[in-house]
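Okay, so here's the structure we're looking at.
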Amino acid sequence: MAFKRLLAVLTAAISLGAVQGVAVEKRATCSNGKTVSASSCCAWFNVLSDIQENLFNGGQCGAEAHESIRLVFHDSIAISPAMEAAGQFGGGGADGSIMIFDEIETNFHPNIGLDEIVRLQKPFVQKHGVTPGDFIAFAGAVALSNCPGAPQMNFFTGRAPATQAAPDGLVPEPFHTVDQIIDRVGDAGEFDELELVWMLSAHSIAAANDVDPTTQGLPFDSTPGIFDSQFFVETQLAGTGFPASANNQGEVTSPLAGEMRLQSDFLIARDARTACEWQSFVNNQSKLVSDFQFIFLALTQLGQDPTVMTDCSDVIPISKPAPANTPGFSFFPAGKTMADVEQACAETPFPTLSTLPGPQTSVARIQPPPGA
Ligand code: HEM
Ligand SMILES: *[C@@H]1O[C@H](CO)[C@@H](O)[C@H](O)[C@H]1NC(C)=O
């Protein structure tokens, strides 16, 4: 939990700054009239309008947004203090190496399909003269702001361009065991198993496109355009393709038609170490939002020194509110009830949810980006 300790130190430093009247108050007004913490942040407003229009199709939470969020994880998690301790290069974390050395890193098995979003993002990096690491973090934060229900995202600049490709083997795969995945995130950022669950909230706005090319655009929950807790409800439902077949790539069917489930999500939802945290997001949108806001920032700062980065969070648009389907935002999809829940948390009963009315329908596919 080094990050949390660091954050505590940082928070103390910032409040000290506030007392002395430095560092925290906004210092620059950009030509669009917006106030930011440093004048260097102003240039990002041009990047913002460009990518909202020309990458995210007018600010959509669609396939390009989803892939941009996935790219943040696959760039940043590629860091291994354990390898460094063993005298090897362990990767630079959130350093843009996946874009700078894309011909190496997008060929790594877990990065399958990310060549696509790297190819779409690169022209914006060149045009605006920003570093790939900063751009990947920015595009991820803006992508999230396009997904109703997402937290208010933070964005810090200052990632120097990577000078080396990350080594292979550092990005979790859906066929890995829970132990392997817990160990990997523990090595990368001293994240614990609860923080692993927090980061997996990203699968609320996600689909499978690449691991199995025959199942393009199959979402991980029934609301892939909304950052909500349905992912945590629906992964807990009984009736699935697990265990997967012999040539297991870790993507299995879900009991909801049209939906895909990762074996790793299935297992983490049911593991004694993680099941209660998984369930804690059901009917608790405010917990979902605050935990993900924290962990996403942590991911985007892996391998970086946050104390020398510039806070440009003011550039990130205000997130759209989630539609209030039910008071706590969670529901059972049509045809599903409490009887379908494979409850795995031993401490707390599964929350009582209402079932969406109507017949069981198939979850709609996500449209892949043109040319995918
Ligand atoms: C830790 C274990 C994780 C595993 C094993 C995993 C694995 C996967 C796999 C296999 C896919 C589908 C790829 C495809 O077939 O196209 C996927 C999609 C995705 N993942 Fe993860 N992931 C993990 C964590 C994360 C984290 C921490 C984030 C972000 C913070 C993330 C964000 C996404 C997103 C947004 C997608 C959807 C991409 C799209 O719709 O095109 N994942 N993940
Ligand atoms: C939501 O989570 C927070 C933080 O864990 C907790 O304090 C609160 O009681 C939860 N709310 C509900 C309705 O479960």
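Three principal axis extents of the chain based on alpha-carbon atoms, in descending order, are 57, 45, 43 Å.
Here the spin labels are modelled as points 7 Å beyond Cα on the Cα-Cβ line, and at residue 82 and residue 338 they lie 4.1 nm apart.
For 287, 34, 127, 336, the ranking by accessible surface with the largest value first comes to 127, 34, 287, 336, using a 1.4 Å probe.
Site pair residue 54 and residue 194 shows an inter-label distance of 4.4 nm when each label is modelled 7 Å from Cα along Cα→Cβ.
Within the accessible surface of the chain, defined with a 1.4 Å probe on protein heavy atoms only, the carbon and sulfur portion equals 57 percent.
Viscosity 1.567 mPa s, temperature 4 °C: Stokes-Einstein D of segment 68-139 from its Kirkwood Cα radius, in µm² per second? Let's see the in-between values first.
Working: Rh = 12.4 Å.
Value of D from the Cα-based Kirkwood radius: 104 µm²/s.
What is the angle, in °, between the Cα long axis of helix 285-300 and the longest principal axis of the Cα atoms in the chain? Nearest 10 is fine, range 0 to 90. Long axis of 285-300 versus the principal axis of the chain: about 50 degrees.
Between segment 273-337 and segment 101-160, the alpha-carbon centres lie 19 Å apart.
So what's the projected area for segment 183-246, the Cα convex hull averaged over all directions, in nm²?
Numbers: hull surface 23.1 nm².
For segment 183-246, the mean projected area of the Cα convex hull comes to 5.8 nm².
Compared with the dominant Cα axis of the chain, that is its longest principal axis, helix 178-189 is turned about 10°.
Of the peptides 141-154, 79-92, how do they stack up when ordered by the mean number of other Cβ atoms within 10 Å, highest first? Let's see the in-between values first.
Details: 141-154: 23.8, 79-92: 16.3.
Output ranking for 141-154, 79-92: 141-154, 79-92.
In the full protein context, segment 41-340 carries 34 Å² of accessible surface per residue, based on a 1.4 Å probe and ignoring ligands, DNA and RNA.
Given 122/287; 34/122; 287/336, which pairs have Cα atoms separated by over 32 Å? Don't skip to the answer; put the middle values down first.
On the way: 122/287 34 Å; 34/122 27 Å; 287/336 24 Å.
Among 122/287; 34/122; 287/336, the Cα-Cα distance tops 32 Å for 122/287.
The values are calculated or read from the model by the stated rules, or taken from the named source; none is laboratory data. Quantities reported herein were computed from a predicted structural model and do not represent experimental measurements. Here the Cβ is made from the backbone with ideal geometry for all residues, glycine too, and neighbour counts use every protein chain on show. Ligands, DNA and RNA are stripped out before the accessible areas are found, and what is left, the full protein with its side chains, is counted by its heavy atoms. Shrake-Rupley method; radii C 1.70, N 1.55, O 1.52, S 1.80 Å.
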